[in-house]
1. Filter segment 77-102 down to residues that are in a helix (DSSP H, G or I) and more than 10 Å from the chain's Cα centre (by Cα) and give me whichever is farthest from Thr41 (Cα to Cα).
2. Quick check on this structure: which one of Gly63, Gly45, Gly23 is modelled with pLDDT of 90 or more, assigned to a loop (DSSP other than H, G, I, E, B) and not charged (D, E, K, R)?
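The values are calculated or read from the model by the stated rules, or taken from the named source; none is laboratory data. Computed from a prediction, not measured in an experiment: that's the story for all the values here.
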Amino acid sequence: MSSHERLTACMILGSCLVIVGCGSPKRDEPDRPAFVPATETIARGEKVFKQQCDYCHPGGGAGLGPALNNKPAPAFAIRFQIRHGLGAMPAFDSTRIPEADVRAIADYLLALRRSD
């Protein structure tokens, strides 16, 4: 991906996050009822999230990184963020997180959001 394409994609993603990420009351609510994964994909996403993401986003809440449980970003934006990283978040390439696991993490985060 060229630097121009990456800049354009970052601007689009940033705009989406600003539009959909404002004003949620869930910002710091990592304590929630136990989440029961509904599918194998979501269960896989939970496992990979706990291995790769939970350190900075504990339980989807704020930690070193921002809360994720209040970001109604669509799955494509979640996958883009994981792959390309923005701000302080590092990018995770396919050697670190395979594509199927990136999709599973996105499914898990969407299911986590719906479980409230």
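1. His84
2. Values: Gly45 fails: assigned to a loop (DSSP other than H, G, I, E, B); Gly23 fails: modelled with pLDDT of 90 or more.
Result: Gly63 is the single residue among Gly63, Gly45, Gly23 that is modelled with pLDDT of 90 or more, assigned to a loop (DSSP other than H, G, I, E, B) and not charged (D, E, K, R).
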